[in-house]
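Step one of this worksheet: look at the structure below.
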Amino acid sequence: MSDRPKGKISLLLADVDGTVVTKDKVLTERAVKAVAALHEAGIKFAVTSGRPPRGMAMLIEPLHIETMIAGFNGGAMVKPDLSVIEEKTLPPDVTREAIKVIADHGLDAWLYTAEDWFITKKDAPHVDREAWTVKFDPTVVDRFADAELDRATKVVGVSDDLAAVEKAEHDMQAALGDRASAARSQPYYLDVTHPHANKGDVVLALSKELDIPTDEIATIGDMPNDVTMFKRSGFSIAMGNASDAVKAQASAVTAGYDDEGFAKAIETFLLPRKTSE
């Protein structure tokens, strides 16, 4: 584990689920205070997630987010008022192929456009929890229509068979190659997005938007899809609940998401150390 960044840090980019919020999707008081302390120290704060942008709206006020927000792993970049800066939709043929791979592995498919979330089975695993998490309900359809397939921003494969999700991730990456970004955002979610909709590209976008060199950006996350942003940033922190493979890609490791790991990471690695009087 690294001690602290060797150089200046001007921005922290954080994953949301498994990182900023607890297992119960709660933002703790200590997390809020830690981000406030970042602001006071002159360090900006940004978030990126596989969630749709409006699924992060509840974080904007308590965390005083002033930077652009990267939903769908960077597939939709919005301002803090949720007005759209940029969208990256999947090529329609890729969307259809991704849905076939998901079906072939026995996973349920979810499809997101910039505005909506479509599913085919209301009682499928994680639907109710996801609706509670993002604070809006999906639209249930018998089948995905061409209108949705042609403007999908993200496709998700969902299953509680975690081995099947892991195999689907491998096979999806092999099938789609560089035509899409495919990685698990949770052990039970496989996200498929535009090839440039990944958290590594979010680092580059924020670097350009805020005029902050990438080596002055710190990142924190817990899942394989966070590794791309680890690799593009100057200092990276893996959550204690991350896999060993993800931890191995980070500069440092903090506690788990149900042990204030996010707040502890800020306090331990990023805030100025207090000098004894």
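Every number in this text was worked out from the coordinates using simple rules, so none of it is lab data. Since we're looking at a predicted model, the values are computed, not measured. When we count neighbours, we look across all protein chains shown, and the Cβ atoms used for this are built from the backbone with ideal geometry, even at glycine.
Of the options (1) -0.98, -1.30, -1.35; (2) -0.77, -1.22, -1.32; (3) -0.68, -1.22, -1.37, only one is log10 I(q)/I(0) by the Debye sum over Cα atoms at q = 0.12, 0.16, 0.17 Å⁻¹ as computed from these coordinates, and that is (3). Backbone amide hydrogens, once placed in the peptide plane, bring Val47 within less than 5 Å of Ala14, Ala70, excluding anything fewer than 5 places away on its chain. Given R0 = 22 Å, the distance between the Cβ atoms of Lys208 and Ala36 translates into a calculated FRET efficiency of 0.25. Given +1 at the Cβ of Lys and Arg, -1 at the Cβ of Asp and Glu and no other charges, the dipole of the chain around its Cα centre is 640 debye to the nearest 20. Once both axes come from the Cα atoms, what is the angle between helix 162-176 and the longest principal axis of the chain, in degrees from 0 to 90, rounded to 10? Roughly 80 degrees, rounded to the nearest 10. For the chain, averaging the sequence separation of C-alpha pairs within contact (under 8 Å, six or more residues apart) and dividing by the residue count gives a relative contact order of 22 percent. Rounded to the nearest 10 degrees, the inclination of helix 199-210 to the longest alpha-carbon principal axis of the chain is 50 degrees. Within the listed set Ile60, Ile220, Ile237, the residue fluctuating most in the Gaussian network model of the chain (springs between alpha-carbon atoms under 10 angstrom) is Ile60. Decide, for the stretch 92-193, between rounded, prolate and oblate: order the square roots of the alpha carbon gyration tensor eigenvalues as a ≥ b ≥ c, take rounded if a/c falls under 1.5, and otherwise choose prolate if a/b is larger than b/c, else oblate. Because a/c hits 1.5 or more and a/b fails to exceed b/c, the stretch 92-193 counts as oblate. The ranking of His105, His39, His170 from fewest to most other beta carbons within 10 Å of each one's beta carbon is His170, His39, His105. Remark: the Asp259-Asp161 segment gains 32.6 nm on full extension, using 0.36 nm per residue and subtracting the alpha carbon distance. Under the simplified labelling scheme, the Met58-Lys25 pair shows an inter-label distance of 0.6 nm, with each label point 7 Å from Cα along Cα→Cβ.
Here Lys121 is the anchor, and the lysines within straight C-alpha reach of less than 28 Å, apart from those fewer than 8 places off in the same chain, are Lys23, Lys25, Lys88, Lys100, Lys135, Lys154, Lys167. The magnitude of the dipole of the stretch 92-193, with charges of +1 and -1 set on the Cβ of Lys/Arg and Asp/Glu and taken from the Cα centre, is near 80 debye.
If you run the Gaussian network model on the chain, springs between alpha carbon atoms under 10 Å, then out of Ala183, Ala41, Ala255 the most flexible one is Ala41. Sequence-distant contacts, meaning Cα pairs under 8 Å at least 6 residues apart, place the relative contact order of the stretch 75-217 at 25 percent.
Would you list, by chain and number, the aspartates and glutamates whose Cα falls below 15 Å from the Cα of Lys6, excluding same-chain residues fewer than 8 positions away? Within reach: Asp215, Glu216. The residue among Pro224, Ile237, Leu204 whose Cα reaches farthest toward the positive pole of the charge dipole of the stretch 183-244, with charges on the beta-carbon of Lys, Arg, Asp and Glu, is Pro224.
Using a simple spin-label model with pseudo-atoms 7 Å out from Cα toward Cβ, Val140 and Thr67 lie 3.9 nm apart. Straight-distance candidates among the lysines for linking to Lys247, with alpha-carbon spacing under 18 Å and chain neighbours fewer than 8 residues away dropped: Lys199, Lys231, Lys264.
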